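Peer 1: Got a structure for you, questions after.
The values are calculated or read from the model by the stated rules, or taken from the named source; none is laboratory data. In this text, all values refer to a predicted model and were calculated from it rather than measured experimentally. We place every Cβ from the backbone using ideal geometry, glycine too, and count neighbours over all the protein chains shown.
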Amino acid sequence: MIEIERKFLVLSNNFMAESLSKKRIVQAYLNSNPERAVRIRIKEDKAYLTIKGKGNSSGTTRLEWETEIPVEDAERLLPICEEGIIEKNRYEIKIGRHVFEVDVFLGENAGLIMAEIELQSESDFFEKPIWLGQEVTNDERFYNAYLSKRPFKSW
């Protein structure tokens, strides 16, 4: 239930050659309060309800609870979500013993490419691929909840 994650900007599309998979994601927020964000996500043929707590001072560690729900239920919930839908393609790339999830944003957030890596601890070592750019873990502008309200194209 505790998620330890770091986020980075991506410098190029070179990661695509290393990708294990590509999945389309559509998500929206029932509540985007920074203390507790509640999200609906549809990822291909599966859907999830997720609650995320506020991050620690580094932004790396926070509570995350997620459960799978029927896609039909998720589709029924989308219209009552807050304004702003996040659309992206997610690529998974294995580097060493870790998997990076690289999100290529679409729609109002087109042009933004971000990588996330989940770790066992905040001090967990991981290999950094050449396409990995600036770390933005603690920059709230790069949280999906923020992007749903203030899209990348408007910056």
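Peer 1: Every residue in segment 84-98 that is out of contact with any Ser or Thr (no Cβ under 6 Å at 6 or more places or on another chain), assigned to a strand (DSSP E or B) and more than 30 Å from L30 (Cβ to Cβ), please.
Peer 2: K94, I95, H98
Peer 1: Residue by residue through segment 113-125, note down the ones that are part of a loop (DSSP other than H, G, I, E, B) and touching a residue at least 60 places away in the same chain (Cβ under 8 Å).
Peer 2: Within segment 113-125, L119, Q120, S121, E122, D124 qualify.
Peer 1: Among the numbered criteria (1) at pLDDT 95 or above; (2) closer than 17 Å to S58 by Cα; (3) surrounded by fewer than 18 Cβ atoms within 10 Å (Cβ to Cβ); (4) not aromatic (F, W, Y), which single criterion is violated by I117?
Peer 2: The one condition I117 does not meet is (3).
Peer 1: Restricting to segment 1-19, give me the number of residues that are modelled with pLDDT under 95 and within 13 Å of the chain's Cα centre (by Cα).
Peer 2: 1
Peer 1: Which residues, taken from segment 20-43, are within 18 Å of L106 (Cα to Cα) and either at pLDDT below 95 or over 15 Å from the mean Cα position of the chain (by Cα) (or both)?
Peer 2: S21
Peer 1: Considering segment 6-55 alone, what residues qualify as being surrounded by fewer than 14 Cβ atoms within 10 Å (Cβ to Cβ), of a type outside the set (K, R) and in a loop (DSSP other than H, G, I, E, B)?
Peer 2: S12, L20, P34, E35, E44, D45
Peer 1: While we're here: Quick one: which of G107, G84 is out of contact with any helix residue (DSSP H, G or I) (no Cβ under 7 Å at 6 or more places or on another chain), within 22 Å of S154 (Cα to Cα), small (G, A, S) and surrounded by 12 or more Cβ atoms within 10 Å (Cβ to Cβ)?
Peer 2: Residue meeting the stated conditions: G107.
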